[in-house]
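Taking it in order: structure first as structure tokens, then the write-up.
The values are calculated or read from the model by the stated rules, or taken from the named source; none is laboratory data. Computed from a predicted structure; not experimentally measured. Glycine also receives a Cβ, built like all others from the backbone with ideal geometry; neighbour counts cover every protein chain displayed.
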Amino acid sequence: MKPDETNVVLLKIEDKAKYDDAITYLYAGTDAAAVHKPITIYKEKGTNAYLVAGRYTGFTETHLKYKPLNGEEQKIVTEKLGAGKILRFLSAEKADNSSDALGR
């Protein structure tokens, strides 16, 4: 059965060059299966800014696919990463212009 892709956001593979090579994976969620679905977080090179992409679901030739986080998950991520960091959550609006994923 094909996975549901109605709630998927995209990040251009070429845009990954703006981020550090080391990717952070955060485990957050209230269900027991959350440990098997890590949240992908990219740190922008030379800054204290992070792009929280969501839960990885697959890829195309040009994009990485992520399931966006709900409000509760975003709150957990914000708490776990701590204060003093600029966080942006990948969303459908940013997916339309993913080369500007940090709103710059």
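I need the full set of residues from the range 14-52 which are touching an Asp or Glu at 6+ places or on another chain (Cβ under 8 Å) and either of a type outside the set (D, E, K, R) or assigned to a strand (DSSP E or B) (or both), in order please. Passing the criteria: Tyr19, Ala28, Gly29, Thr30, Ile39, Tyr42, Lys43, Glu44, Tyr50, Leu51.
For the range 25-53, which residues satisfy the criterion of being without any contact (Cβ under 8 Å) to a residue 12 or more places away in the chain and of a type outside the set (Val, Ile, Thr)?
If we filter the range 25-53 for residues that are without any contact (Cβ under 8 Å) to a residue 12 or more places away in the chain, which is where we start, we get 31-36, 46.
Those that are without any contact (Cβ under 8 Å) to a residue 12 or more places away in the chain and of a type outside the set (Val, Ile, Thr): Asp31, Ala32, Ala33, Ala34, His36, Gly46.
Among residues of the range 9-32 being among the β-branched types (Val, Ile, Thr) and at pLDDT 90 or above, the one that is farthest from Leu64 (Cα to Cα) is Thr24. Scanning the range 4-48 for residues being buried (at least 17 other Cβ atoms within 10 Å of the Cβ), aliphatic (A, V, I, L, M) and farther than 22 Å from Gly82 by Cα gives a total of 4.
Of the residues Gly58, Gly84, which is modelled with pLDDT under 90 and more than 12 Å from the chain's Cα centre (by Cα)? Even if it seems obvious, please write down each step before you answer.
Numbers: Gly58 fails: modelled with pLDDT under 90.
Selected residue: Gly84, the only one of Gly58, Gly84 that is modelled with pLDDT under 90 and more than 12 Å from the chain's Cα centre (by Cα).
Pairs meeting the criteria (first residue in the range 59-82 and part of a loop (DSSP other than H, G, I, E, B), second residue of a type in the set (Val, Ile, Thr) and at pLDDT 90 or above, beta carbons under 7 Å, at least 6 apart or on different chains) are Thr62/Ile13; Pro68/Val9; Leu69/Ile39; Leu69/Val52; Leu69/Val77.
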